[in-house]
Amino acid sequence: MLIDIQNLVKDYQMDSVDVAALRGINLQVQKNEFVAIMGPSGSGKSTLMNILGCLDNPTSGVYRFNNTDVTGLNDDELSDIRNKHIGFIFQSFNLLKRMSALENVELPLMYAGIDKAKRMAMSKQALEKVGLADRMKHRPSELSGGQRQRVAIARALVNNPGMILADEPTGALDTTSSMEIMDVFKQLHTEGNTIIVITHEREIAACCKRIILIRDGLITSDTPNLN
C-alpha cells in the first residue's frame, strides 16, 4: 500500500470563520496505480493534493505514505519525504528560464548532493524517456508548452520517486499537447510508476485507470476506468 488515508479532515480559518476543506476522507492507493482526482474549483482536491504531497498537514486523521505515518512529522521530515519520494508536476511548469532543459532536470539531484557526472547521466536518461533527447540544451523560451511540461515530467522522474503527483498538468496546454502529455503518463505508468493526476477536466481524467470524484470536501465516487 502506497497511500492509506483514514478520516482525513482539514479546516482553515478565514476571517475568524472555520472553513472545512476536507470533511473525512478515506482513500487507499496501491503502488503502480494511475489515478485521477477530479472535482470542481473549491471541491477540496487541491487541499487533498497538498496533503498527499506532504506540503501541508491535516487538522485530524491519519495519512500513511509507504507505511510511514506522516501526519505528525515536522517540516524537515516532510521535506525529506518530498525530496526523495515524490515527484511534483505543476500547471505552470516551474522551470528556471536561464537554465537549459538538462540543467532544469538536474536540479533535484543537485540538491540531493549527487556528483555532476552522475546527475548529468540521470538527467539525460529522464529527458530521453519523455522524448526530448534532441532538446536538452534548449532553454524554456525555446520550447513549446508541451515540451516544457515534458521537461517538468523528466525533472519529477529523475530521482525515481515512489509517486508522481501532477496538479492540473495540462491546464496551460492546447488539446493536442494535453493528449500528448497524457500519453507520456500512460507510458510511464506501464513502466511501473505510480501517478496521481489532479484535474477538473473529464477528458484528462478519462486517460487514467481510476477516477475519484471529490465535492464539498468528500469523495463522492471512486471507480475503475475500464476504457
(message) Helix-only mean residue ellipticity at 222 nm, the chain, DSSP H runs n ≥ 4 weighted -39,500 (n - 2.57), per residue, nearest 500. What is it?
(response) -10500 deg cm²/dmol
(request) Using mean projected area of the Cα convex hull in nm² as the read-out, say which of [x] 12.8; [y] 10.9; [z] 11.7 was calculated from these coordinates. (result) [x]
(message) Given Cβ point charges of +1 (Lys, Arg) and -1 (Asp, Glu) and nothing else, what value in debye, to the nearest 20, does the dipole of the chain about its Cα centre take?
(response) 740
(message) Take A20 and D76, extend 7 Å from each Cα along the Cα→Cβ direction, and tell me the distance between the two endpoints in nm.
(response) 3.7
(message) What aspartates and glutamates does K137 reach when the alpha-carbon gap must be under 18 Å and sequence neighbours fewer than 8 apart in one chain are set aside?
(response) E103, E106, E128
(request) Just list whichever of K124/K186; K10/K97; K97/K124 have alpha carbons separated by over 27 Å in the model shown. (result) K10/K97
(message) Multiplying the sequence separation of T68 and L96 by 0.36 nm and subtracting their Cα-Cα distance, what value in nm do you get?
(response) 6.8 nm
(request) Given the peptides 68-76, 148-156, arrange them by the average over their residues of other C-beta atoms within 10 Å, most packed first. (result) 148-156, 68-76
(request) Identify the residues of the stretch 164-181 with backbone N under 15 Å of a label point that sits 7 angstrom from the Cα of E203 along the Cα-to-Cβ direction, or state none. (result) 169-181
(message) Give me the dipole magnitude in Debye, nearest 20, for the stretch 92-227 about the Cα centre, with unit charges on the beta carbon: positive for Lys and Arg, negative for Asp and Glu.
(response) 480
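Read-outs: derived from the displayed coordinates by stated rules, not from any lab. Source: prediction; values computed, not measured. When we count neighbours, we look across all protein chains shown, and the Cβ atoms used for this are built from the backbone with ideal geometry, even at glycine.
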